[in-house]
Amino acid sequence: MIQRVLTPYYYFHQDVDYPEIDASSYAVTEATYGILSPSSGSPAGRDVRGNHSALIREMGSAGIVLLKNLNYSLPIKSGKVIGVFGNDAPDTGTPTVGGGSGSGRNPYIVSPLEAIKARAKTDGSRVVYLTDNDMITDGEFRSIYPWPDIYLVFLKGWVSEGKDRTTLEADWNSTMVVKKVASICSGRTVVITHAGGVNSMPWVDDENITAILAAHYPGQESGNSIVDILWGDVNPSGKLPYAIARRDSD
């Protein structure tokens, strides 16, 4: 056992000029468990990111799964009016990682709405959006003008170590959100889900829902990874590591 541990230790020369333990390690642990006091300070930590954002963006796109795409809904063409709906779209509400020991603290988050706005600027498209799920389920679409050419609905489901899921449905009354948006669109609604596992999709056969993407938890470049798929810069080649049943009873 000792030999297996120490062989890579010496092979990678960790016994010579190896960096000290990051000064922020203990502070981050305290902060995670809510015991970090303001008087103790918060070391910034060692910055080892380099150009990792490019890799994170690439891996985020690679993990997105195309579940449905009818009538060439995707990719999005330039010069369109793009509607963005759902509280998963803005940076204050989009999950990039799950909870528990496998979680992490993002240095920043590129939200789907932020990335879609940036892309729209480059190709002459327009963006209208409504990110309050309660207003959507109440049918309050008066702030949307003009009517979009394509409707993007962002849903989310939170998962964490030590907490069992009680439903397969995405959070925040997601089914009603999808149904309300699909009811006002002209047959081109794309649903994008952020979740750590299976989501039920009772709206999958709605004729106005023409495309579905399972984006999972893409990390800090979330919005950019999704935009790369939506606009066709990256081929959606991710595969599901689980089955999605048509009905909960299945």
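The values are calculated or read from the model by the stated rules, or taken from the named source; none is laboratory data. Please read these numbers as outputs of a predicted model, since none were measured by experiment. Don't worry about glycine lacking a Cβ; one is built from the backbone with ideal geometry, like all the others, and counts go over all protein chains shown. SASA here: full protein model, heavy atoms, side chains in, ligands and nucleic acids out. Shrake-Rupley method; radii C 1.70, N 1.55, O 1.52, S 1.80 Å.
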Among what's in segment 183-204 and is of a type in the set (A, V, I, L, M) and at pLDDT below 95, pick the residue that is nearest to the chain's Cα centre (by Cα). A195
When only residues in segment 139-196 that are open to solvent by 60 Å² or more (accessible area, probe 1.4 Å) and of a type in the set (F, W, Y) count, which is nearest to S103 (Cα to Cα)? W158
Candidates V5, V16, V28, filtered to the one that is in contact (Cβ under 8 Å) with a residue 24 or more places away in the chain and either touching a His at 6+ places or on another chain (Cβ under 7 Å) or among the β-branched types (V, I, T) (or both): V28
What about G45, is it surrounded by 10 or more Cβ atoms within 10 Å (Cβ to Cβ) and on the phi > 0 side of the Ramachandran plot? yes
Take the residues in segment 205-250 that are open to solvent by 40 Å² or more (accessible area, probe 1.4 Å) and β-branched (V, I, T), then tell me which one is modelled with the highest pLDDT. V234
Taking segment 82-119, which residues are open to solvent by less than 50 Å² (accessible area, probe 1.4 Å), at pLDDT 95 or above and hydrophobic (A, V, I, L, M, F, W, C)? I82, V84, F85, A89, V110, L113, A115, I116
Answer from L155, L240 - the residue that is hydrophobic (A, V, I, L, M, F, W, C) and in contact with a helix residue (DSSP H, G or I) (Cβ under 7 Å, 6 or more places away or on another chain): L155
Output the residues belonging to segment 31-67 that are among the small types (G, A, S) and free of Cβ contacts under 8 Å to residues at least 12 places away in the same chain. A31, G34, S37, S39, G50, A54
Pairs with Cβ under 7 Å, 6+ apart, first in segment 68-79 and more than 19 Å from G238 (Cα to Cα) and touching a residue at least 60 places away in the same chain (Cβ under 8 Å), second outside any loop (DSSP other than H, G, I, E, B) and among the hydroxyl-bearing types (S, T, Y): N71/T210
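Conditions (1) exposed (fewer than 13 other Cβ atoms within 10 Å of the Cβ); (2) at pLDDT 85 or above; (3) not aromatic (F, W, Y), marked per residue:
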residue	(1), (2), (3)
Y26	no, no, no
T29	yes, no, yes
T32	yes, no, yes
G60	no, yes, yes
I64	no, yes, yes
